[in-house]
Structure formats: structure tokens, C-alpha cells
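Okay, so here's the structure we're looking at.
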Amino acid sequence: MSVMWIALPVAVLLAGAGLFAFIRMARTGQYDDLDTPPLRMLADDETIPTK
Amino acid sequence: MTPSVRAAFTPCAHCSLPVPPGLIDPTADQHFCCSGCKTAYDLINSCGLSNYYAFMHRLNDRPAKADSSILTSTREEFDHPAFMAQSTTDAGDGLRQIELTVLNMHCSACVWLLEKLPAFIKGVRTAQVRLHGSALTITFDPQIVKLSTLLRTLASLGYPAHPAREVSAAAARRINDRAHLIRIAIAGALAANIMMFSFVLYGGLFVGIEPVYEQFFRWLSAVLGIVCLVGPGMVFFRSAFASLRARSLNLDVPICTALLVGGIMGTVNTVLGSGEMYFDSLAMLVFFLLVGRFLQHRQQRWATDEVELLYSLTPSTANLIDAPGAPVSTKVPTIALQPGQFVRVLPGESIPSDGLIVRGETAIDSSILTGESRPVKAELGASVFAGAVNVSSPIDLRVTAAGRATRAARLMQLVAQGAQRRARIIRFTDRVASWFVVGTALAAIVTFLAWMGIDKRTALEHASAMLIVTCPCALGLAAPLVMSIAMGRGARAGVMVKGPDVLEDLSTPAVLVLDKTGTVTEGRMRVTRFEGALSAAALAAQLERQSTHPVARAIVDFAGHLADTPASPSSARHVIGSGITGLVDGLFVAVGSPAFIHSLGIDTTTDPRLDHEITSALDQALTPVLVAVEDSVLGVFSLGDRLRPEAPAAINTLQRQGWDIRLLSGDDPAVVRQTAQRLGIDPRHALGRVSPEEKFDYIRTIAAQNKRVVMMGDGVNDAAALAAATVGIAVHRGAEACISAADVYFAREGLDPLLALTDASRRAMTAVRVTLYASLTYNIIAGSLTFIGLIHPLIAAILMPLSSLTMLLIAMRARTFAPVTNQPDTLIDELASDSANTPIAAAPRPELPSDRAITSFTTVTTTGAQA
């Protein structure tokens with residue numbers, strides 16, 4: 001018996017898990033808008049000086 | 001323009017525009033240019049959100065000027081239950097969700113402020129901005145806050161908002177996008193894993209591999225490969241099948257042949273336990289093609305989204321009345337109208353639904369539906385259609401069909417279907433595809449026959465390998481990508497192209513038909529000079545205040561300063577298409593064409609100076625409008641539409657490129673000929689007084705000679721001609737119907753976008769040809785290797801991604817749509833050259849001393865805004 005018989009199915013399973021996570025993210029709309037979030041994170045209340 | 005000019009003014013605390021001197025309060029710390037800005041400032045500060053200004057300052061940006069018109073508009077119509085039901089969705093817990101289209105939203109400070117909305121308005125639970133598409137999604141509690149309050153608050157902040165239309169279509173597209181993304185992810189994961197297994201197998205070729213492992217890896221790649229083909233790869237089979245059923249060949253046909261042959265051969269060889277397998281290349285192919293198609297899809301969407309944005313901004317309310325003649329009881333959104341209800345339509349408003357006139361008579365401009373640009377008389381009992389504009393007097397309607405059932409809505413649906421059908425064509429690559437099918441099939445047959453003579457057992461295998469390696473995957477990826485990148489860049493430069501076939505059609509010179517008004521001219525009537533008594537001009541302006549006709553507006557713009565009080569409305573009579581008469585300050589005044597004045601029994605030739613003016617105006621292709629007081633003519637306005645400053649140079653450039661330029665217009669033939677002469681267009685190809693039907697026929701006649709016709713126009717009456725042309729181009733501020741019928745929409749005015757577009761088309765087609773040659777070279781090399789029996793899955797696995805990457809590089813580097821030149825500078829040049837060339841400056845102009853100060857102030861303000 002070689003470790004190959006276990007390692008390979010595990011590798012495929014890991015890839016499957018990643019894929020599953022991605023599909024979940026896409027379905028919940030996290031990839032719908034890629035323009036606004038990068039701007040949203042710029043707005044941090046603490047770092048903006050109040051005049 | 002310059003900093004010194006700006007510094008001379010006190011900036012408004014909200015929008016940073018200069019505050020008019022009269023509004024500066026020396027005792028206050030902050031100054032405001034209008035009450036709207038003050039409201040916005042107070043609101044933002046009272047919520048502790050003054051960081052907004054610091055933020056804007058850091059971005060070197062400033063808030064949009066707040067909308068002070070909110071004081072007059074309550075927007076209560078949006079609280080109507082029918083509207084709530086149609087445009088909001090249930091968000092659970094008694095909350096409703098709505099998507100709004102918001103104007104003026106452009107940077108991170110806007111995102112920040114708008115997403116702080118729950119802090120401003122009690123009852124708003126969440127607010128989320130989607131910058132691309134200018135959308136704001138709000139969840140709110142209808143028990144606590146009304147939709148009208150929400151919209152009013154947004155407007156008072158300087159972000160006028162409208163409920164988005166076609167939300168369901170947008171949502172459907174979003175779901176479609178997600179499915180696409182998921183397919184890419186699956187194909188990518190499978191391709192990467194298969195590649196990993198293949199590397200083991202390829203390694204085994206060189207250093208040896210135990211048969212049991214070899215079989216294990218082969219089975220693993222086969223299983224994943226088949227999943228990839230029947231899962232994400234299914235889209236290609238569907239598309240190829242659809243194309244075959246339509247008795248045509250698209251590029252998906254040879255691609256699917258390769259996928260199918262490779263899949264079957266690989267499966268058979270896996271079961272047999274020996275022979276070549278191509279699952280790694282096939283999975284990569286599916287992955288690359290899906291990515292290419294996704295990018296193409298997204299870029300194309302830029303264009304359609306922009307057009308939809310425009311559509312969302314059109315007003316959508318109706319004045320509901322209880323019975324004919326009753327006062328207006330409430331404003332309702334047009335979609336809430338029911339057949340049998342009564343609505344009032346005021347002059348200048350568009351008709352909200354199909355209906356019958358039950359009270360009043362008027363002139364109706366139904367050009368949006370019929371293409372007839374002149375207003376038509378509509379009497380009691382006549383049916384009118386939604387979308388038409390009521391021109392002259394108020395009418396009451398009984399609604400016969402509303403919302404999606406109206407004739408206009410059905411027309412729009414037809415146009416939308418037409419656009420969809422057309423956008424699918426990528427003719428160039430489809431033509432190439434048929435050659436590819438023939439070529440690969442021939443190569444496979446020749447290979448099979450040749451190898452039958454050498455080694456019967458491997459003949460089939462070699463033929464299959466030939467089909468796989470000569471698959472036009474690189475071309476299938478590159479051509480659409482070049483097109484879509486060009487379209488995406490175009491959309492950002494203000495040129496919305498609806499389909500890739502447009503770029504192909506514009507890449508070589510053809511017949512170009514321009515509608516005069518609005519494309520080569522500014523599209524707006526202006527009084528270029530006035531001859532006669534100033535008091536007559538003042539009387540004319542007073543009378544014309546009651547009309548919305550373009551001529552009337554031009555006269556009011558010109559001479560409105562001279563007269564402040566409008567005459568009482570009952571004294572005016574508007575004769576459609578020719579003129580207006582009425583009593584002003586007890587005097588009988590008539591304003592209209594020479595023929596109209598003549599028909600009133602007034603002699604137009606008494607004053608030789610004015611008579612000469614009429615003749616010279618006609619000679620210069622201007623429209624003379626006479627003012628008669630009591631029984632004599634006292635003044636002549638000369639009206640004209642100015643030529644765009646960039647037009648002559650642009651036309652010249654296009655002509656040198658080989659375009660055959662024609663000019664069509666509904667205007668007087670003399671005007672059109674004169675314009676053509678100034679532009680360097682052959683006057684024989686400049687036709688005047690062309691009706692919408694004749695425009696349509698003209699285009700069709702040229703198209704029937706198998707010539708490509710590009711038509712550019714802006715009026716609703718151009719819609720039919722635009723649809724009939726090979727490529728229809730709608731320009732800025734064009735009517736809705738015209739934009740829908742066109743293949744291209746320019747968000748910028750003038751002819752510069754047309755030059756940019758033809759240039760980009762040429763470059764895009766060159767890039768497509770380069771990719772074609774590169775792809776052919778690759779196929780010939782791979783094909784020859786296969787033919788002599790040298791091909792191996794390993795070589796295919798290396799050549800395939802390599803060729804795809806080459807294509808990507810070529811596609812990305814195609815220089816389409818170079819950056820636009822600086823707008824404000826050109827504006828200054830235009831003004832300078834205009835004053836030198838046009839009759840405006842040369843003509844005598846009445847002095848308007850009272851308005852001088854304010855006029856110059858406005859000029860400074862607007863240039864300041866562009867700095």
C-alpha cells in the first residue's frame with residue numbers, strides 16, 4: 001500500500017472544499033459588485049481628521 | 001479657470017461653488033450658495049457626519065450642489081400602494097427593500113455618506129451602494145419612514161434618486177453572472193487537478209511508472225475530465241447545437257467537435273487501459289474559453305447598463321383626477337394607473353398611458369411612436385398613446401391601457417428583442433468558423449487515409465488527434481475578447497456599443513448619413529439677430545412665454561430680459577406650426593412666419609429695412625420670425641441652429657478616410673444645402689424637408705444596393721431610420737426611442753466620438769486579423785506534427801495554453817479608444833472661434849444693461865465648476 005491511495009483522494013477532496021466555498025460565496029452575491037467595497041474600506045471614521 | 005478667479009469668491013460650505021455676493025452674511029462662519037446647500041449642510045452636521053467634508057477635501061473633490069427644487073416637489077406619488085407593491089420587495093420582518101438609481105454618486109465619500117443613511121433617517125435599516133450602475137439598495141420599515149421622505153432626504157443631500165426600473169431584469173442578469181462565475185470556478189479547479197495528474201503521467205514517460213499507478217491516474221483524469229465536459233463545458237455544446245439547428249456554423253461547432261472526439265477517445269482509451277488521452281488540454285480549453293466569454297459578457301454589459309440608467313431617469317408620474325374637469329386629486333406613478341381612471345395631461349407633459357380624450361382638445365407630438373415630428377391635432381374622443389407629448393393645452397383622458405400594456409411599452413419590448421438578436425452575431429469569426437470546420441475535417445480525413453496505408457490500428461487515433469489539435473480555441477477566445485475590450489473601453493470613453501458586429505461594420509469606410517440637427521449643428525434654435533424696435537421684441541417675448549415651442553423658447557431666451565411680466569394666458573392663441581397671436585397690454589400682437597403674418601391680413605413689405613432683413617435671413621439659411629403689433633410689422637427675429645465647431649474638421653477627416661457622407665434633415669432644403677457647403681459635403685447629397693418615412697426609405701434604398709449604411713441622428717423621428725441602417729448611432733440627449741433603436745449611443749455630444757469609434761473599430765479589426773493569423777500558424781504547426789505522427793498529448797498540453805496566452809496578449813495590446821483630450825480647453829477654443837465666425841457677434845444686438853452683471857457672474861461660475 002502506498003500513501004498515494006490516500007493522499008490523492010484527499011487532494012481532490014480539498015480542491016472540492018475550496019470549490020464549494022467559492023460557489024457559496026458567488027451564490028450569496030459576494031462577487032456581484034467589485035467596485036464599491038474597495039472604496040468602502042477607505043472610509044474609516046477614526047483615521048479621517050475632523051475639522 | 002485659474003486659481004485667482006476662484007479665490008476671488010467665497011466658497012459655499014457645502015458644494016464649494018462660489019457664493020453670490022448678495023448672499024454672504026458677514027457675521028456667519030459658513031456661507032451657502034443656496035438654501036438647498038444650507039439644508040444639506042445642516043442635515044449632515046446634525047447627524048455628526050461632518051467627516052464627509054474632510055473626506056471630500058482629501059479626495060480633492062466636492063459634494064454635488066444640493067437640489068433646492070425639493071421645496072416644491074413632495075414626491076408623495078411614490079407612497080402609492082401600487083407603486084410600493086411593484087417596485088419594492090419584501091425583506092422580512094415587515095421591512096421593504098428598494099433599489100434606487102442615484103445621481104451624482106462618484107467617489108468613496110459618496111459611498112460613505114450614503115451608506116450612513118440609517119444614521120440619518122429613522123426607519124432605514126440598511127443602505128448599500130453599488131457604484132457601477134449608480135444603484136443604492138435600501139431596506140426600510142414602511143411603518144416608520146415613507147418612501148417619499150427617503151427620496152426627499154436624498155435629494156436634499158445633493159443625490160437626487162429615482163426608483164430603478166427593470167429591477168427584475170437586472171436581478172436576472174446578476175444570477176446569470178453568478179452561474180457563469182461558478183462554471184469558471186468548476187472548470188478551473190478540474191483543469192488544474194487534471195493537469196496535476198497529467199504531469200505525473202508525463203513524468204512517468206521519461207522515468208517510468210508502475211502500471212497500477214498509471215492506471216489510477218488515468219482513471220482519475222478521465223473522471224474529472226468527463227465531469228468538466230458535461231458540467232461547465234455543456235454551454236458550448238448547447239451553443240453549437242443551437243447554431244447547427246439554425247443551419248449555420250459558429251466557432252463553437254469546431255470547438256465542440258474537438259471536445260466530443262477528445263472526450264470519446266479519452267474514455268475509450270481509459271477503459272482499454274492504453275492509448276492517448278487529452279483530458280488535460282480539453283479541460284484547459286473549457287476553462288480558457290469560459291473566462292474569455294465571461295470577460296466579453298461583462299464588458300458588453302457596460303454599454304447596456306448605461307443605456308438603462310438613462311431610461312431609469314425619465315419621469316414616471318401621472319396627475320390622477322376623479323372625473324373629467326375635476327381638480328387634480330393626487331399624483332400617482334404611471335405603473336399604478338388602471339384602465340377606466342381619469343388623468344389630466346398638462347401642456348409639455350408626456351402622456352402617461354394609452355387613453356381617450358374626454359375633455360379638451362390639443363396638439364399631440366407622437367413622434368416617439370409614429371416618427372411624425374410635427375404635432376398633430378387631437379380632438380374630443382381621439383385616442384392618444386403613452387409616450388406622446390401634449391404640446392398645446394391641458395386635456396383629460398380616460399385610461400384604456402397602462403404600464404406594460406401600452407403601445408409604447410410593447411414597442412420598446414420589440415426593440416429590445418431586436419437588439420438582443422442582433423448582438424449575438426460575431427459575423428467575422430463565424431465566417432472564419434465555417435472555414436475552420438471544413439479545414440479541420442479535411443485534415444482529419446487526409447490523416448486517416450494516409451495512416452490507413454501505414455498503420456491501420458493507429459489511423460483512427462491520429463485522425464482524432466488532428467481534430468483536437470486543430471480546434472480553433474485560440475481564435476474562439478481572442479476575437480470576442482478583442483471586441484469586448486474595445487467595447488468596454490468605449491463605454492468608459494462615452495461611446496456605448498451594443499454589439500461586436502458594429503465594430504466590424506465601422507472598420508472600413510461606407511456610406512455615412514448624418515441627420516443635420518443635433519449632430520453637425522447644436523440642435524437648438526437660437527435667435528442670431530433681431531432687427532426692428534426693441535419694444536416689439538419685448539412684446540413678442542411676453543407672448544411667447546406661454547408656448548413651449550422651440551422657436552418660442554429661443555425668443556424668450558433672447559428677449560426675455562426686456563419683459564418681466566407674462567401676459568394673461570387666456571389671451572393667447574397658438575396656431576400649430578406657424579405662429580401665435582394674443583393681446584399683450586391691450587395690444588394685438590402676432591408672432592410667426594411671414595406666411596402666417598400675411599394670412600392675418602398684415603402687409604409684411606411696408607418697412608423696406610425689415611423686408612430686406614427677411615430676404616437676407618432666408619439667403620443665409622436662417623428662419624425669419626416676424627413680430628406684428630396691431631396691423632404693422634415692427635420687428636424680425638432671425639433664428640438659426642449653429643454649426644458645431646468641430647464638425648468641419650471631423651467631416652473632412654472622415655472624407656479623407658473614404659467615407660461617403662450624406663446629410664439629411666427635416667429642415668428647409670436651402671438651410672441643409674448651405675450647411676453642407678460649409679462642411680464640404682457635396683450639396684447633391686444634402687437633402688432637406690425629409691420626412692421620417694423618407695429617411696427610412698433613403699436608408700433602405702442604399703442598403704438594398706448592398707452597401708453598408710451608417711446613420712447618425714438624435715431625434716425620435718430618426719428611430720426607424722436608425723433601426724434600418726447597418727449601424728445606427730444615437731447621440732447625446734437623443735430621445736429614448738432613438739437610443740433603443742440604435743446600435744451605438746454617444747454620451748458625449750458632437751462628432752469627436754464618431755472619429756474615436758471608427759478609429760477604434762479599425763484597430764480592433766486589425767487585432768482580430770492578427771489573432772487569426774497567429775491562430776492559423778499554430779494550427780498549421782500542430783497539424784503538421786500530428787500528420788507525421790509526432791504529436792503527443794504533452795505537446796498539445798504545452799502548445800494550447802501557449803497559443804491562448806499569445807492571443808490574450810494581442811487582444812490586450814490592441815490600442816482602441818485613446819484617452820479623450822481635455823474638454824474645458826476645447827470649449828474655450830469653440831467659444832473663441834464661434835465669436836469670430838458666426839453672425840451672432842457680427843449682428844447688432846440689443847443692449848441689456850440690467851442683466852450684464854448677473855450674466856458675467858454665471859459665466860465665471862460655470863467655468864469655475866469645470867476647473
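Every number here is computed from the coordinates shown, using simple stated rules; none is lab data. For clarity, every value in this text was computed on a predicted model and none was experimentally measured. Virtual Cβ from ideal backbone geometry, glycine too; neighbours counted across all protein chains shown.
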- Item | Set of lysines near residue B:122 by C-alpha distance (under 16 Å), chain-local residues within fewer than 8 positions excluded | B:146
- Note on the structure: Quick calc: nm separation of the 7 Å Cα→Cβ label points for residue A:4 and residue B:272 -> 2.3
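How much length is gained on full extension from residue B:212 to residue B:773, taking 0.36 nm per residue of separation minus their Cα-Cα distance? If you can, show how the numbers build up before the last one.
Working: separation 561, 0.36 × 561 = 201.96 nm, distance 4.38 nm.
Computed gain between residue B:212 and residue B:773 is 197.6 nm.
In nm, what is the difference between 0.36 nm times the number of residues separating residue B:219 and residue B:47 and their Cα-Cα distance?
55.4 nm
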- Using a cut-off of 28 Å between alpha-carbon atoms, which lysines can reach residue B:498, once sequence neighbours fewer than 8 places away in the same chain are excluded? B:516, B:695, B:707
- Item | Proximal lysines relative to residue B:38, as straight alpha-carbon distance under 16 Å, when same-chain residues fewer than 8 apart are discounted | B:65
- Note on the structure: Expressed as a whole number, the average count of other chain Cβ atoms within 10 Å around the Cβ atoms of A:32-40 is 6
- Item | Charge dipole magnitude, Cβ of K and R +1, D and E -1 - region B:452-508, Cα centre, debye nearest 20 | 180
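When a/c is below 1.5 the answer is rounded, else prolate if a/b is larger than b/c, else oblate, so apply that to region B:582-664 with a ≥ b ≥ c taken from the square roots of the Cα gyration tensor eigenvalues. Provide the component values of the computation, followed by the final result.
Values: a/c = 3.69, a/b = 3.07, b/c = 1.20.
Note, shape of region B:582-664 comes out prolate.
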- Query: Going highest first, how would you order B:10-16, B:537-543 by mean Cβ packing within 10 Å?
  - Reply: B:537-543, B:10-16
- Task: Compare the peptides B:276-287, B:354-365 by average per-residue count of other Cβ atoms within 10 angstrom and give them in order, highest first.
- Result: B:276-287, B:354-365
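Inside 10 Å of the C-beta atoms of A:5-16, what's the mean count of C-beta atoms belonging to other chains? Could you put the intermediate results ahead of the total?
Details: counts 2, 0, 0, 8, 1, 0, 4, 8, 0, 1, 7, 2.
Across the residues of A:5-16, the mean count of other-chain Cβ atoms within 10 Å is 3.
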- Message: For a protection proxy built on the mean count of beta-carbon atoms within 10 angstrom, sort B:676-682, B:761-767, B:453-459 highest first, please.
- Response: B:761-767, B:676-682, B:453-459
- Message: Full-extension gain between residue B:234 and residue B:534, please, as 0.36 nm times their residue separation minus the C-alpha to C-alpha distance.
- Response: 100.3 nm
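Throw me the Rg/Rh for region B:169-252, computed over C-alpha atoms with Kirkwood Rh, two decimals. Can you show the working numbers first?
Values: Rg = 17.8 Å, Rh = 15.3 Å.
For region B:169-252, the value is 1.17.
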- Item | Averaged over B:186-198, number of beta-carbon atoms from partner chains that fall within 10 Å | 2
